Amino acid sequence: MMSSSSAGLFLPKEEMMAHKISDKCVSCGACAAQCPVEAISQGSNTYVIDADKCIDCGACKETCPNEAIEQG
Ligand code: SF4
Ligand code: SF4
C-alpha cells in the first residue's frame, strides 16, 4: 500500500464510503456539475462515481432529482 498522506483523507472512517449511483439514474448530468473533484462521469447506462476520487462531500446526492445516489 502506498502512503495515504497525499490523498486528502481527512474524514472519519465511517464516512469514507464512496457514494454510488444506482440504476435510477437518468443521466441528467446534474450531479457531475456539482462534484468538486470531478469524480462523476457518464457511463454506458448511468453516470458513475470514481470511488478513488470521491471525497464523500454529499453534493451529488443532494443535487440528484431522482434519488439515484446513495452513500456506501
Ligand atoms: S460525494 Fe462529493 S466528491 Fe463524491 S461524487 Fe458526490 S459530489 Fe463528488
Ligand atoms: S443527478 Fe442523479 S439522475 Fe442526474 S446524472 Fe446524476 S445520478 Fe443520474
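For segment 38-45, the Karplus equation 6.51 cos²θ - 1.76 cosθ + 1.60, evaluated at θ = phi - 60°, returns couplings of 6, 8, 10, 9, 7, x, 6, 10 Hz by residue, with Gly and Pro reported as x. Here the 3J(HN,Hα) profile of segment 25-34, calculated from phi with Karplus coefficients 6.51, -1.76 and 1.60 at θ = phi - 60°, is 4, 10, 6, 7, x, 4, 5, 4, 5, 8 Hz, Gly and Pro shown as x. Counted by Cβ distance under 13 Å from residue 49, the other residues give a net charge of -2, where Lys and Arg count +1 and Asp and Glu count -1.
Each value in this text was obtained by applying a stated rule to the coordinates, not by laboratory testing. In this text the structure is predicted, and so the values were computed from the model without any measurement. FYI the Cβ positions are ideal-geometry reconstructions off the backbone, even for glycines, and counts take in every protein chain you see.
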